[in-house]
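Engineer: Encoded as structure tokens, here's the structure I'll be asking about.
The values are calculated or read from the model by the stated rules, or taken from the named source; none is laboratory data. Note that the structure is a prediction, hence the values are computed from the model and not measured. Positions of Cβ are generated from backbone atoms using ideal geometry, with glycine treated the same way; all protein chains shown enter the neighbour counts.
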Amino acid sequence: MAVLDIEQPNSAPLSTVAISNTHGEDSPFFAGWKAYNENPYDELNNPSGVIQMGLAENQVSFDMVEKYVEEHSEESSWGKGAPGFRENALFQDYHGLKSFRQAMAGFMEEIRGGRAKFDPDKIVITAGATAANELLTFILADPGDALLIPTPYYPGFDRDLSWRTGVNIIPIHCDSKSNFQVTPEAMEAAYKKAESMNTKVKGILITNPSNPLGATIQRSVMEQILDFAIRKNIHLVSDEIYSGSTFSSTEFISIAEILEARKYREAERVHIVYSLSKDLGLPGFRVGTIYSYNDRVVTTARRMSSFTLISSQTQHLLACMLSNKEFTQNYITTNRERLQKRYEMIINGLRSARIECLKGNAGLFCWMNLSPLLEENTKEGELALWDIILNEVRLNISPGSSCHCSEPGWFRVCFANMSEQTLEVALRRIHDFVEERKKGKLN
Amino acid sequence: MTRFSKSRSSKPEQEARGGGAAMRVIVPLQGVVQGRGGLVLGSIIPCVLFYFLQLYLKRNRNDADSENEQNPGGPNTTTRSSSSGQLPELDAIPRSLSRALLSPKSPSGPVSVSARANGIVKGGAESPYNVGLKRVKEDPYDELANPNGVIQLGLAENKLSLDLVNEWLVENAREALLAGGGELGISGIATYQPFDRLMEFKVAVAEFMSQVMEKVVSFNPNQIVLTAGATPAIEILSFCLADSGNAFLVPTPYYPGFDRDVKWRTGVEIIPVPCRSADNFNISITALDRAFIQAKKRGLKVRGIIVSNPSNPVGNLLSQETLYSLLDFAREKNIHIVSNEILAGSTHGSEEFVSMAEIINQEDLDRNRVHIVYGLSKDLSLPGFRVGVIYSFNNEVLAAAKKLARFSSISAPTQRLLISMLSDTKFVQKFIKVNRERLQKMYVKFVAGLKRLGIECTKSNGGFYCWADMSGLISSYSEKGELELWDKLLNIAKINVTPGSSCHCIEPGWFRFCFSTLTEKDIPVVMERIQKVSEICKSRS
């Protein structure tokens, strides 16, 4: 068999994709997760452990989903549906179950208060929004091309959009002066930067409501972004994964509404990404969708979705759940109320520690300004502070630099992935820390 | 890819231009030489021509660049080496289609999609594979409701033992999904999971794989990465083992889906290695070697071999000897082996299945080059649930694949359900046994039916299909003749079968018939219809 030959390499080489670190998992974003995993907070068993505030997960409304599944368990297990099962188990059509797409379209309409219409045939299913974003990138851009993304942005984009696709991200710098909203000047600057690098810009990707800002994009800004995309003849991807997590029902303006107002002119350059991971608190289900107004993109995305289909069992369960209007209406309203309550709780708690946050109106986190506490107003200063907060205060929060924020001192703090008690403990720790820090500065 | 064919067509244009231009240069130059004031013209004209030539080349290069697949991360200025221009697989890309969609320079033109999106591999909407599937969808056979509909023999799905799975679900699914609070209850499965799946699920899958392969080898759950089906498993391995522009050797005929899974988004090529009916379509190391050398001459770097065992569409099992030879070959060339064993549990003949995992052990120096693909779509008849497996002995590959699995993750409730099902040892054993028996029964009946019509099949030991030699019925011994027969079978006999050309078989006239979507009653119906076409073909010759 194998003869021991020390000279001959016994490992065939791997690809650049395999050995590159574009997956970005060496960043603080992921280091914080690691620290949490090694010493997780538990109210009873480990009260001094690390509290996870770096995970944007929605656990405030999960009881409603749980109740639904328990009361309608036959939908997920075919207790009565023998013929249903047969089709389901074999169903691997990349079109996705029609009933599921219809339910998703209806749910997306409900979230937008009926202000936009969605056609089930323009929906492509993917196993999560992570896959949806990557898939769109494969379709809209070639290796070496670029996507423009406003900062600060979700750290995962560096991995999701670049790793296998070979596409570059060029940041559109936004700062606190404009409340981190995108400006036409910033977009132009980013575009020019791409030109100077001899890189073709193929699209602009926005997250609305924004992660990590926790705020919706204003209507006027959305119009400017769309106009910019039209002027440069590029695509516009609107990641609306938090659209159901706005605190009010009217403050969120979807790109779909703007297109409808414009009678769908130039719509073929617009694509929306959605998922149930945030709004419904079901990240484990792996449910994502691409909604595109461009038929060619829909057809291609559908074929490509073979690499990332949703389990037919899950599609079936969700088709039932999301077409149950009683459930969805109650869920959407209640979820909004609870998120708002949490938001107010954390804002007030931080305020009493003299910490200000960006005015937010959506999402599972707030954008906290700790710049007064920095030793030096630099990225290093921010990371030093982050490190102290992680290891001494034992809170895992996300530093703005991992979100490519150009201003040091901002942090994203998640508030929906824990109980109220835990949040109180976290707020108390922050309070104590800030007090001590002040004392330390006075000494 | 298309750059190769592009340069072919742009050349004559250039030549024509060159011809006319030449005259316009020579005359004034003559004037210059003869001092008749042609000096100005003689210097301006070549400059102008040169300028236009540059413009023309620049515009073409821009277009060609956006069609080329570049190495990831590089700026869009380099062009592919000419040696990689000859790619037989991609000849069929509709060039006109892709050119129409490259963005015109004016902003008022339509916004373009990437060349990658345009480069839909051979086997696009018009391929026999897809046309056939479409026809069945539009007009599906039903014994009572639609007896003249199209019978599906082109999809490798196993409906024979679905009733067993169904039975289990009816009795156990509710508990399986909701049982227990905490980690395994509904709240446990809703939250974010490690992207490479619940450990418990990996344990259950490892155990299932071992059972399916008759317990000769045990699989280590820590060497498993789970993906949403075997399709992304193959793609992920392709991304990990080869760079864009590299190639894999794949013995033909092969599963048509490989063209998509291996090539589409990765930019990796497939070099088909022909197997012949004289060898019963078994792999020949000589052929592999020849293909490897030829690739090298063309400047194509071969990174690995992809084999399927049992093979699709032929249904051969790879002998232990063959596996060892493959390993020797891979070692000699220092390349990887990907063994697609997705049908390991669907063997029905007398031969025993041997997994690559059996000939590799933990101390083996070659273990880093062996990777196995598996899934539950075939052996457990659950393609809809999307469960695929990458099993590797290479820790670096596992680490990379684990991270890449985030783009193709399995739904948690499905994992939960399957943990229960796969841990039910009694059910699993019964299923494997009964499934094999039913497969064998159908195989024997179907092959016998074809034999009565004078159609021989290769001896197959696994899979849901038989590989039939219908070359006696084709009008011309060519791909054209084969596709004509395929067309007759689809439109006259109204059966959807897979022509060998879709599987890149070099010998025309071979067809794949999947029998696992039929019931025994359907077989005579199918045979009758084939006979009809057979008579038509014979009477014409």
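Engineer: Could you figure out which of (1) surrounded by fewer than 21 Cβ atoms within 10 Å (Cβ to Cβ); (2) touching a residue at least 60 places away in the same chain (Cβ under 8 Å); (3) outside any loop (DSSP other than H, G, I, E, B); (4) aliphatic (A, V, I, L, M) isn't true of B:ILE536?
Structural biologist: The number of the failed condition is (2).
Engineer: Under the condition of being within 11 Å of chain B (Cβ to nearest Cβ) and not charged (D, E, K, R), which residue from segment A:251-276 is farthest from the chain's Cα centre (by Cα)? If you could, list the steps in order and put the result at the bottom.
Structural biologist: Of segment A:251-276, the ones within 11 Å of chain B (Cβ to nearest Cβ) are A:266-271, A:276.
Then keep just the ones that are not charged (D, E, K, R); that gives A:267, A:270-271, A:276.
Working: A:ALA267: 23, A:VAL270: 18, A:HIS271: 16, A:LEU276: 11 Å.
Ranking the qualifying residues of segment A:251-276, first place goes to A:ALA267.
Engineer: Of the conditions (1) within 12 Å of chain B (Cβ to nearest Cβ); (2) closer than 30 Å to A:ASP93 by Cα; (3) in contact with a Lys or Arg (Cβ under 7 Å, 6 or more places away or on another chain); (4) not in a strand (DSSP E or B), A:ARG303 clears all except one; give me its number.
Structural biologist: That leaves (3) as the condition not met.
Engineer: Identify the residue in segment A:111-136 that is more than 9 Å from chain B (Cβ to nearest Cβ), of a type outside the set (Lys, Arg) and assigned to a helix (DSSP H, G or I) and, among all such residues, is surrounded by the most Cβ atoms within 10 Å (Cβ to Cβ).
Structural biologist: Applying the filter and picking the extreme gives A:ALA132.
Engineer: Show the residue pairs that are 6+ apart or on different chains and have beta-carbon atoms under 6 Å apart, the first residue being within segment B:204-218 and touching a residue at least 24 places away in the same chain (Cβ under 8 Å) and closer than 14 Å to B:LYS426 by Cα, the second being of a type outside the set (Phe, Trp, Tyr) and assigned to a loop (DSSP other than H, G, I, E, B).
Structural biologist: Sorted first by the residue in segment B:204-218, then by its partner, the pairs are B:VAL212/B:ASP379.
Engineer: Let me ask another. Enumerate the pairs (first residue in segment B:163-177 and more than 9 Å from chain A (Cβ to nearest Cβ); second residue anywhere and assigned to a helix (DSSP H, G or I) and modelled with pLDDT of 85 or more) with beta-carbon separation below 8 Å, excluding pairs fewer than 6 apart on the same chain, so at least 6 apart or on different chains.
Structural biologist: So the pair list comes out as B:LEU164/B:PHE427; B:LEU164/B:LYS430; B:LEU164/B:PHE431; B:LEU164/B:VAL434; B:LEU164/B:ASN435; B:TRP168/B:MET421; B:TRP168/B:PHE427.
Engineer: Just give me the residues in segment B:476-507 being of a type in the set (Asp, Glu), crowded, with 24+ Cβ neighbours inside 10 Å and under 23 Å from B:ASP522 (Cα atoms), in sequence order.
Structural biologist: If the condition is that a residue be of a type in the set (Asp, Glu), crowded, with 24+ Cβ neighbours inside 10 Å and under 23 Å from B:ASP522 (Cα atoms), then no residue fits.
Engineer: For segment B:407-426, give me the residue count where each residue is surrounded by 23 or more Cβ atoms within 10 Å (Cβ to Cβ) and not aliphatic (A, V, I, L, M).
Structural biologist: Matching residues across segment B:407-426 total 8.
Engineer: Also, I was wondering about something else. Condition first: touching a residue at least 40 places away in the same chain (Cβ under 8 Å), over 19 Å from B:PRO313 (Cα atoms) and assigned to a helix (DSSP H, G or I). Now tell me which residues in segment B:236-279 satisfy that.
Structural biologist: B:ILE236, B:LEU237, B:PHE239, B:CYS240, B:LEU241, B:LYS263, listed by residue number.
Engineer: Only one of A:PHE30, A:PHE91 is within 24 Å of A:LEU135 (Cα to Cα), surrounded by fewer than 18 Cβ atoms within 10 Å (Cβ to Cβ) and modelled with pLDDT under 90. Can you tell me which?
Structural biologist: So the residue among A:PHE30, A:PHE91 that is within 24 Å of A:LEU135 (Cα to Cα), surrounded by fewer than 18 Cβ atoms within 10 Å (Cβ to Cβ) and modelled with pLDDT under 90 is A:PHE30.
Engineer: Looking at segment B:521-530, can you tell me whether even one residue there is crowded, with 21+ Cβ neighbours inside 10 Å, within 30 Å of B:LEU376 (Cβ to Cβ) and either among the aromatic types (Phe, Trp, Tyr) or in contact (Cβ under 8 Å) with a residue 24 or more places away in the chain (or both)?
Structural biologist: Yes, segment B:521-530 has at least one match.
Engineer: Condition (residue is within 14 Å of chain B (Cβ to nearest Cβ), farther than 17 Å from A:PHE118 by Cβ and buried (at least 16 other Cβ atoms within 10 Å of the Cβ)) applied to segment A:321-330: is it met by at least one residue?
Structural biologist: Yes, that holds for at least one residue.
Engineer: Taking B:VAL354 and the conditions (1) part of a loop (DSSP other than H, G, I, E, B); (2) closer than 17 Å to B:ASP366 by Cβ; (3) touching a Phe, Trp or Tyr at 6+ places or on another chain (Cβ under 6 Å), which numbered condition does it fall short on, given that it satisfies the others?
Structural biologist: (3)
Engineer: While we're looking at this one, here's another question. Could you identify the single residue in B:SER381, B:SER311 that is assigned to a loop (DSSP other than H, G, I, E, B), buried (at least 24 other Cβ atoms within 10 Å of the Cβ) and in contact with a Gly (Cβ under 8 Å, 6 or more places away or on another chain)?
Structural biologist: Answer to the selection: B:SER311.
Engineer: Without any contact (Cβ under 8 Å) to a residue 24 or more places away in the chain, under 25 Å from B:ASN316 (Cβ atoms) and basic (Lys, Arg), is that true of B:LYS451?
Structural biologist: yes
Engineer: Okay, moving on. Quick one: would you say B:LEU317 is closer than 25 Å to B:GLU207 by Cβ, buried (at least 18 other Cβ atoms within 10 Å of the Cβ) and of a type in the set (A, V, I, L, M)?
Structural biologist: Judged against the criteria, B:LEU317 is a match.
Engineer: Additional query: For A:VAL425, indicate whether it is touching a strand residue (DSSP E or B) at 6+ places or on another chain (Cβ under 6 Å) and farther than 16 Å from A:SER176 by Cβ.
Structural biologist: no
Engineer: Among the residues of segment B:233-263 satisfying the criterion of being of a type outside the set (A, V, I, L, M, F, W, C), closer than 26 Å to B:LYS202 by Cβ and under 11 Å from the mean Cα position of the chain (by Cα), which is nearest to the other protein chains (Cβ to nearest Cβ)?
Structural biologist: Going through the qualifying residues, I end up with B:GLU235.
Engineer: So which pairs qualify, if the first residue must be in segment A:277-299 and more than 7 Å from chain B (Cβ to nearest Cβ), the second must be part of a loop (DSSP other than H, G, I, E, B) and at pLDDT 90 or above, the Cβ gap must be under 6 Å, and the two must be at least 6 apart or on different chains?
Structural biologist: Note: pairs meeting the criteria are A:LYS278/A:ASN58; A:LYS278/A:ILE241; A:LYS278/A:TYR242; A:VAL287/A:LEU276; A:VAL287/A:ILE310; A:GLY288/A:GLY128.
Engineer: Within segment A:414-426, count every residue that is surrounded by 22 or more Cβ atoms within 10 Å (Cβ to Cβ) and within 14 Å of A:ASN348 (Cα to Cα).
Structural biologist: 2
Engineer: Another question, then. When both residues are 6+ apart or on different chains and their Cβ atoms are under 9 Å apart, which pairs have a first residue that lies in segment B:401-412 and is more than 12 Å from A:GLU134 (Cα to Cα) and within 7 Å of chain A (Cβ to nearest Cβ), and a second that is part of a helix (DSSP H, G or I) and of a type in the set (Lys, Arg)?
Structural biologist: Qualifying pairs under 9 Å: B:LYS403/A:ARG159.
Engineer: Hey, among the residues in segment A:164-180 that are out of contact with any Gly (no Cβ under 8 Å at 6 or more places or on another chain) and assigned to a loop (DSSP other than H, G, I, E, B), which one's nearest to the other protein chains (Cβ to nearest Cβ)?
Structural biologist: Here the residue is A:ARG164.
Engineer: Of the residues B:GLU396, B:GLU437, only one is assigned to a helix (DSSP H, G or I), within 14 Å of chain A (Cβ to nearest Cβ) and acidic (Asp, Glu); which?
Structural biologist: B:GLU396
Engineer: Answer yes or no as to whether A:GLU257 is in contact with a Lys or Arg (Cβ under 6 Å, 6 or more places away or on another chain), in contact (Cβ under 8 Å) with a residue 40 or more places away in the chain and surrounded by fewer than 22 Cβ atoms within 10 Å (Cβ to Cβ).
Structural biologist: Numbers: in contact with a Lys or Arg (Cβ under 6 Å, 6 or more places away or on another chain): yes; in contact (Cβ under 8 Å) with a residue 40 or more places away in the chain: yes; surrounded by fewer than 22 Cβ atoms within 10 Å (Cβ to Cβ): yes.
Here the answer is yes, as A:GLU257 does meet what is asked.
Engineer: Give me a count of the residues in segment A:208-220 that are in a helix (DSSP H, G or I) and touching a helix residue (DSSP H, G or I) at 6+ places or on another chain (Cβ under 9 Å).
Structural biologist: Here the count works out to 1.
Engineer: Let me ask something else about it. If we scan segment B:427-444, do we find a residue that is farther than 19 Å from B:VAL373 by Cα, surrounded by fewer than 23 Cβ atoms within 10 Å (Cβ to Cβ) and acidic (Asp, Glu)?
Structural biologist: yes
Engineer: In this structure, is B:GLN429 polar (S, T, N, Q), over 22 Å from B:VAL217 (Cβ atoms) and outside any loop (DSSP other than H, G, I, E, B)? Walk me through how you get there before you give the answer.
Structural biologist: Numbers: polar (S, T, N, Q): yes; over 22 Å from B:VAL217 (Cβ atoms): no; outside any loop (DSSP other than H, G, I, E, B): yes.
Answer is no for this residue.
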